[in-house]
Amino acid sequence: MMRDAALRDFSQISNVDVLVTCDHRLSPPKNAHQVMMVDPEQDVWALWESCIAGADAVLMIAPETNGHLEKLTILAEVLGKTIIGCSSAAVHQAGDKWLSFESLIAHDIPTLETYLANNLPDLISRAYVAKPREGAGCEDMAYFQNINKLKAWIEPRLNTHIVQPYQEGVAASFSMLCREGKAYLLSANNQNIQIDGHWISYSGGVINGLAEYETEFRALAQKIAQAMPGLAGYVGVDVIIDVDQFYVVEVNPRLTTSYVDLHQACGWNPAQMLLDLFYNEAFVLPAINHKKVEFSLDPSAFSKN
């Protein structure tokens, strides 16, 4: 959905030709000038390197899982290409939830207490969430009210996961553009998060569903952009709102699912704004709309396998 939304938006810009890769088991996407189909026998990393080498600019749509987003970004940097997104250093910092936590704390940005799974303190009796240091969506993420069950579940994941206290409140996010320490708020969103037993899933939300918090989100966006100056392009930030407290949970250094209907919600082409951000010396955010747009996802795609 993110890929197709980006292709739709870039296809509406003159003098832009878009090349995209696609798994051969799927139908080729629309709105691309060239589609490179990938079959199992191919070395996909070699194909991606060839595609990046032939492009002027690259937009990465990839998960942080196993360092994939960072590795792709480094590949584009080595080839000297314009990356319409974050630097590899920022991807490394924001994409690792432990490093992100350390950065947020160092810059006095409110966040959740976070522990490495292999260095847990004596946990008090309350609910906790365990999640991968590098992951996307609700992948391999679990909720526990029983500390002993948490410790048993986390045992084979000691080197890959973090643990955070479960925080009550409104599940929210905001979308922003940023570059060189400056942030531009695009939308303030609420998220539909479900807990079924131990498992957490994400099924969509409402873009601009929390427009009343724009002032607070704009301030957080600027603090995050200054704390992680390598963040650039579109960035999504997950937040929990508890009355008048705002906790930054994750910083996603890439497109998020909120991008899917962002064009409709803000009344401007986000792809055009991205190009303006990277190719114009003086970027000015247009007078965007704040229309509420609801979007739904299949929760099974964002929960445990």
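Kindly check whether there is at least one residue in the range 60-70 that is over 17 Å from the mean Cα position of the chain (by Cα) and either crowded, with 20+ Cβ neighbours inside 10 Å or in the same structural domain as residue 201 (by TED's automatic domain parsing) (or both). Outline the logic, then answer.
Going through the range 60-70, the residues over 17 Å from the mean Cα position of the chain (by Cα) turn out to be none.
No, every residue in the range 60-70 fails to be over 17 Å from the mean Cα position of the chain (by Cα) and either crowded, with 20+ Cβ neighbours inside 10 Å or in the same structural domain as residue 201 (by TED's automatic domain parsing) (or both).
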Could you say whether any residue in the range 121-142 is in contact with a strand residue (DSSP E or B) (Cβ under 6 Å, 6 or more places away or on another chain), farther than 23 Å from residue 66 by Cβ, outside the structural domain of residue 229 (by TED's automatic domain parsing) and crowded, with 20+ Cβ neighbours inside 10 Å? yes
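Take residue 11 and decide whether it is of a type in the set (Gly, Ala, Ser) and farther than 29 Å from residue 93 by Cβ. Steps first, please.
Details: of a type in the set (Gly, Ala, Ser): yes; farther than 29 Å from residue 93 by Cβ: yes.
So residue 11 passes the test.
Pick out the one residue from 124, 83, 61 that is out of contact with any Asp or Glu (no Cβ under 9 Å at 6 or more places or on another chain) and closer than 30 Å to residue 180 by Cα. Step through it out loud before you land on a result.
Details: 124 fails: closer than 30 Å to residue 180 by Cα; 83 fails: out of contact with any Asp or Glu (no Cβ under 9 Å at 6 or more places or on another chain).
Result: 61 is the single residue among 124, 83, 61 that is out of contact with any Asp or Glu (no Cβ under 9 Å at 6 or more places or on another chain) and closer than 30 Å to residue 180 by Cα.
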Just a yes or no: is a residue in the range 41-60 touching a strand residue (DSSP E or B) at 6+ places or on another chain (Cβ under 9 Å), within 26 Å of residue 139 (Cβ to Cβ) and among the aromatic types (Phe, Trp, Tyr)? yes
Output for Cβ contacts, cut-off 6 Å, separation at least six or different chains, first residue outside the structural domain of residue 271 (by TED's automatic domain parsing) and on the phi > 0 side of the Ramachandran plot in the range 25-47, second surrounded by fewer than 10 Cβ atoms within 10 Å (Cβ to Cβ) and assigned to a strand (DSSP E or B), reads none
Mind checking whether some residue in the range 90-100 is touching a Gly at 6+ places or on another chain (Cβ under 6 Å), surrounded by 16 or more Cβ atoms within 10 Å (Cβ to Cβ) and of a type in the set (A, V, I, L, M, F, W, C)? yes
Just to check your reading of the model, which residue among 154, 207 is within 25 Å of residue 271 (Cα to Cα), β-branched (Val, Ile, Thr) and in contact with a helix residue (DSSP H, G or I) (Cβ under 7 Å, 6 or more places away or on another chain)? 207
Restricting attention to the range 86-103, report how many residues are of a type in the set (Lys, Arg) and closer than 16 Å to residue 178 by Cβ. 0
Could you check how many residues of the range 204-239 are in contact with a Leu (Cβ under 7 Å, 6 or more places away or on another chain) and over 30 Å from residue 58 (Cβ atoms)? 1
Could you tell me whether residue 107 is under 20 Å from residue 224 (Cα atoms) and in contact with a Leu (Cβ under 8 Å, 6 or more places away or on another chain)? no
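Could we say that residue 192 is within 18 Å of the chain's Cα centre (by Cα), surrounded by fewer than 21 Cβ atoms within 10 Å (Cβ to Cβ), at pLDDT below 95 and more than 30 Å from residue 87 (Cβ to Cβ) here?
On the way: within 18 Å of the chain's Cα centre (by Cα): yes; surrounded by fewer than 21 Cβ atoms within 10 Å (Cβ to Cβ): yes; at pLDDT below 95: yes; more than 30 Å from residue 87 (Cβ to Cβ): yes.
Criteria met by residue 192.
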Residues of the range 2-33 that turn out to be β-branched (Val, Ile, Thr), under 17 Å from residue 269 (Cα atoms) and surrounded by 17 or more Cβ atoms within 10 Å (Cβ to Cβ), as a count: 1
Output the number of residues of the range 140-194 satisfying the condition of being of a type in the set (D, E, K, R), in contact (Cβ under 8 Å) with a residue 60 or more places away in the chain and touching a His at 6+ places or on another chain (Cβ under 9 Å). 1
Scanning the range 1-24 for residues that are at positive phi and in contact with a strand residue (DSSP E or B) (Cβ under 6 Å, 6 or more places away or on another chain) gives none
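The values are calculated or read from the model by the stated rules, or taken from the named source; none is laboratory data. Just so it is clear, the model here is predicted, and its values are computed rather than measured. Methodologically, a virtual Cβ is constructed for each residue, glycine included, from the backbone with ideal geometry; neighbour enumeration extends over all protein chains shown.
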